[in-house]
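Every number here is computed from the coordinates shown, using simple stated rules; none is lab data. Owing to the predicted nature of the structure, the values given are computational and were not obtained by experimental measurement. When we count neighbours, we look across all protein chains shown, and the Cβ atoms used for this are built from the backbone with ideal geometry, even at glycine.
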Amino acid sequence: MTNLDRRSFFKTTALLGAGLTGLSVSEAKAGPKNILSPDRMGVLVDTTVCIGCRNCEWACKTAHNLPTPPIESYEDRSVFEKMRRPDETALTVVNRYDNPKKPELPYTVKVQCMHCDHPACVSACIVGAFSKEENGAVIWDTGKCIGCRYCMAACPFQIPAFEFHRAIGPKIIKCDFCSERRKDGKMPACAEICPVEALTYGPREELVRIARDRVKRFPERYVEQIYGEYEVGGTGWLYLTGRDAAELQFPKLGRNPAPGVSESIQHGIFAYFVPPVSLYALLGALMWITKNRTDEEEA
Amino acid sequence: MEHFMRPTQMQKKFITPGVIVLILLALNGLIFLAGRFLFGIGSVTNLNNQYPWGIWIGIDVAAGVALAAGGFTTAALGHLMHREQYHALVRPALLTAMLGYTFVALGVSIDIGRYYYIWHPLIMWNGNSALFEVGICVMIYMTVLYIEFLPVVTERFIGRVNMKGFLARFNAPMDKLLRLLDRGLSKVMFVFIIAGVVLSTLHQSSLGTLMVIAGPKMHPLWQTPVLPLLFLLSAIAVGFPMVIFESMIAARSFGLKPEMEILSKLGRMIAPILGIYLAFKIGDMFIRETFVYLTTFTTASVMFMIEVLVGIVIPLRMFLSRDVLKSPLLLFIAASLVVFGVLLNRINNFVVAYTPPYSFGSYFPSVGEISVTVGFISILVLLYRAAVMIFPVISVPDKSLSSKAKYTIRG
């Protein structure tokens, strides 16, 4: 290696390092909107009040311009025979479970996106198409999405659905907590239509208070847990149940936010690009030293 | 006696019975691929809202990246550590990596629903996303691989640019351009070689971070916070076996003698690396006490046992044996087992370990998915065959070379 080469080696290495460090500044800012407002809204679902009329399903489809069967058809209770999940045709579905205490009054559970306080989808999305809004909604931006479906792999509640049968412009479909409707001062469509007030829409902090109060006043009616209060770091939608949440097919989840571990690994590896740049420098040094050694051996 | 090796174009007929089979498999894959583009991903795959990722991610992308690790491991050995005796292996490994990553990119673009938005991550960043990091690193690394391959192109065509017809007038300028490239590249190539190794360690490990966010949806036998480390170690471990694997297949296919001298030296280095990988894998299993899952007979426990025993323990024992290192057949078997083990590991991590909280039946790849994957692999092999016939990639002993001639960094 000539002197000139050596000089250019250092110069290029230094330049590259500087370039990467420069990048890291913008990197720190990069990322989707992820606001955890103290005033964020949520919904308290009281599954012991729900009568399974499925009007919420109808209202949701209507509000989101999805193909909607006439409301009379929702009186058909045979759909409860199979467990259903939200999919590309329905952002919310209601499932029925036995009530061992009162078999004539089965529990019905509305399922939709939980609008996590620390959403896995927001953290996972490669292009930041998901965001957590100030109003508590976790929403998806069709202008960014590339259709990779990492959100579906990441979601602890298995909520995002994908239009697998659309060749061009398939969308990720999930409950958007009526984010747009609410901006006009309206309530979420499901909470608005619910005839028995099984759905209480309000600031999440207040909902937690209400839920605790109900559990305290009617201990025989509820199990002591408010599902969603602590699960994966807390969710915007909260559930009061008469049976253990796991028996109503709620996933058993810890209290740590779903993206916690992967984000700390990710930030540990990258930490302002120090580890990669150091590795680069180290390998550069190794290359230079071994090169000199080979040169000397041959001289 | 030391003999000198020189990268040479392979001279043989392109079409053989094997090649015809590969072409048929490729066509079959392309037919199913057309279905995907005309009627959506759901029409050819068994994917659904519960199983969003299948073998196109598990094999085409995850295993593809891992099995292309020969590129950066041999570059590190040959160029960073200046172990000149391995230079003969660098070019074939580089070509494999280059084609491998190209097919990873293709695999990604057919799997994502909106393939025409594949450039979005370049301008829409999410620093929290492991997938974003993998995507960006793979894009940059692929560019680096193409740059690293350029010297092979210049070597092939300098003084031999001979375009026909109206293109003939561009022959002289093209030659000049190649010479300019050649001179410029040789001065800065080290920048790209180091960058290639750094980028590889980054995305090989981040590929492991991908499934960490799936948390309890992933079987505990695989779900661990040290997944990125395991992915990196297994990628490094599969690098040299992959080089041995393909170099012996290429030798056979082109009627060359396998370079046992270099390959067994390379093979000697595999056991320690494989040992480190095994130690971390077993250590992780004992720290998290996941061995309890091995006491039951399930798909997960069986797949895990195959992965560890057939993919790591047996080849590790084989690579420790002198007889194996000397025998072409045994060396090939040992290398193939490591390749199989890492392939299975990636399938396990992305497909087998994934257990959604709600499911209406389990996932098994459809005929369409398998056809596309097999088709892609066939096209890759065909392109490799074409490339080694067009470019000087595979080294053969050259008696005319004097002891003074020696390699410079040329990729």
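Could you tell me which helices of chain B pass both thresholds, a Cα extent of 27 Å or more along their own axis and a mean Kyte-Doolittle hydropathy of at least 0.0, with helices taken as whole DSSP H runs?
Length and hydropathy pass: B:17-39, B:87-111, B:130-157, B:171-209, B:227-253, B:328-347, B:367-390.
Positive end of the dipole of region B:5-396, charges at C-beta (+1 Lys, Arg; -1 Asp, Glu), about the Cα centre: which of B:Phe360, B:Gly29, B:Val243 has its Cα farthest in that direction?
B:Val243
Please give the calculated 222 nm ellipticity per residue for chain A, where each DSSP H segment of at least 4 residues contributes -39500 (n - 2.57) and the sum is spread over every residue; nearest 500 deg cm²/dmol?
-11000 deg cm²/dmol
I'd like the mean, over residues of B:44-52, of how many other protein chain beta carbons sit within 10 Å of each residue's own Cβ. Spell out each step's value before the answer.
Details: counts 0, 1, 0, 4, 6, 13, 5, 3, 14.
What the average comes to for B:44-52 is 5.
Say the dipole of chain A comes from +1 at the beta carbon of Lys and Arg and -1 at that of Asp and Glu; which of A:Ala271, A:Leu66, A:Ala154 then lies farthest toward its positive end?
A:Leu66
What are the lysines whose alpha-carbon lies under 30 Å from the alpha-carbon of A:Lys101, with same-chain residues fewer than 8 places away excluded?
Within the straight-line limit of under 30 Å, A:Lys101 reaches these lysines: A:Lys82, A:Lys110, A:Lys216, A:Lys252.
With Rg and the Kirkwood Rh both taken from Cα atoms, where does Rg over Rh land for the protein assembly as shown?
1.03
Let me have the 222 nm mean residue ellipticity of chain B computed from DSSP H runs of 4+ only, each contributing -39500 (n - 2.57), with the sum over all residues rounded to the nearest 500.
Values: 16 runs with 252 residues, N = 411.
That comes out to -20500 deg cm²/dmol.
Where Lys and Arg each count +1 and Asp and Glu each count -1, what net charge lies around A:Cys116 among other residues with Cβ under 9 Å from its Cβ?
-1
Order of B:377-388, A:64-75 by packing, highest average Cβ count within 10 Å first? Intermediate results must be reported in sequence, preceding the final value.
Numbers: B:377-388: 18.7, A:64-75: 11.7.
Result, highest mean Cβ count within 10 Å first: B:377-388, A:64-75.
Which of B:Gln11, B:Met211, B:Val191 sits closest to the plus end of the dipole of chain B, meaning its Cα is farthest towards the positive end, when Lys and Arg get +1 and Asp and Glu get -1 on the C-beta?
So the residue we want is B:Gln11.
Can you give the log10 of the normalised intensity I(q)/I(0) at q = 0.06, 0.09, 0.11, 0.15 Å⁻¹, computed with Debye over equal Cα scatterers of region B:5-396?
Debye curve over Cα of region B:5-396, log10 I(q)/I(0) at q = 0.06, 0.09, 0.11, 0.15 Å⁻¹: -0.24, -0.56, -0.84, -1.53.
Going by how many other beta carbons lie within 10 Å of each one, how would you line up A:Ile168, B:Ile213, B:Ile306, fewest first?
Ordered from fewest to most neighbouring Cβ atoms within 10 Å, A:Ile168, B:Ile213, B:Ile306 come out as A:Ile168, B:Ile306, B:Ile213.
Going by average Cβ density within 10 Å per residue, which order do the peptides B:56-69, B:283-296 take, highest to lowest?
Going by the mean number of other Cβ atoms within 10 Å, highest first, we get B:56-69, B:283-296.
Cα-based count: Lys pairs in region B:5-396 below 27 Å, eight or more positions apart or different chains?
Counting lysine pairs in region B:5-396 gives 11.
Quantify how strongly other chains surround peptide B:107-120 by giving the mean number of their Cβ atoms within 10 Å of each of its Cβ atoms.
Details: counts 0, 2, 1, 0, 3, 8, 15, 11, 3, 4, 9, 3, 1, 9.
Taking the mean over all residues of the peptide, I get 5.
At a 10 angstrom cut-off on C-beta neighbours, averaged per residue, how do the peptides B:44-50, B:234-240 rank from highest to lowest?
B:234-240, B:44-50
Enter the mean number of other protein chain beta carbons within 10 Å of the beta carbon of each residue in B:184-194, as an integer.
4
Using a 10 Å cut-off around each Cβ, can you sort B:Ser129, A:Ser278 from fewest to most neighbouring Cβ atoms? It would help to have the intermediate numbers written out before the result.
On the way: B:Ser129 31, A:Ser278 12.
Final ranking by Cβ density, sparse to dense: A:Ser278, B:Ser129.
For the protein assembly as shown, give the share of DSSP beta bridges that are antiparallel, in percent and rounded to the nearest 5; count only bridges with both residues there.
Details: 24 of 29 bridges.
Once the DSSP bridges in the protein assembly as shown are tallied, antiparallel ones form about 85 percent.
How big is the dipole moment of the protein assembly as shown about its Cα centre under a simple scheme where the beta carbon of each Lys and Arg is +1, that of each Asp and Glu is -1, and everything else is neutral? Debye, nearest 20, please.
1920
Under 20 Å Cα to Cα from A:Lys33, which aspartates and glutamates show up? Leave out anything in the same chain fewer than 8 places away.
Once the sequence-local aspartates and glutamates are set aside, what remains near A:Lys33 is A:Asp117, A:Glu133, A:Glu134, A:Asp141, A:Asp176, A:Glu180, A:Glu263, B:Glu133.
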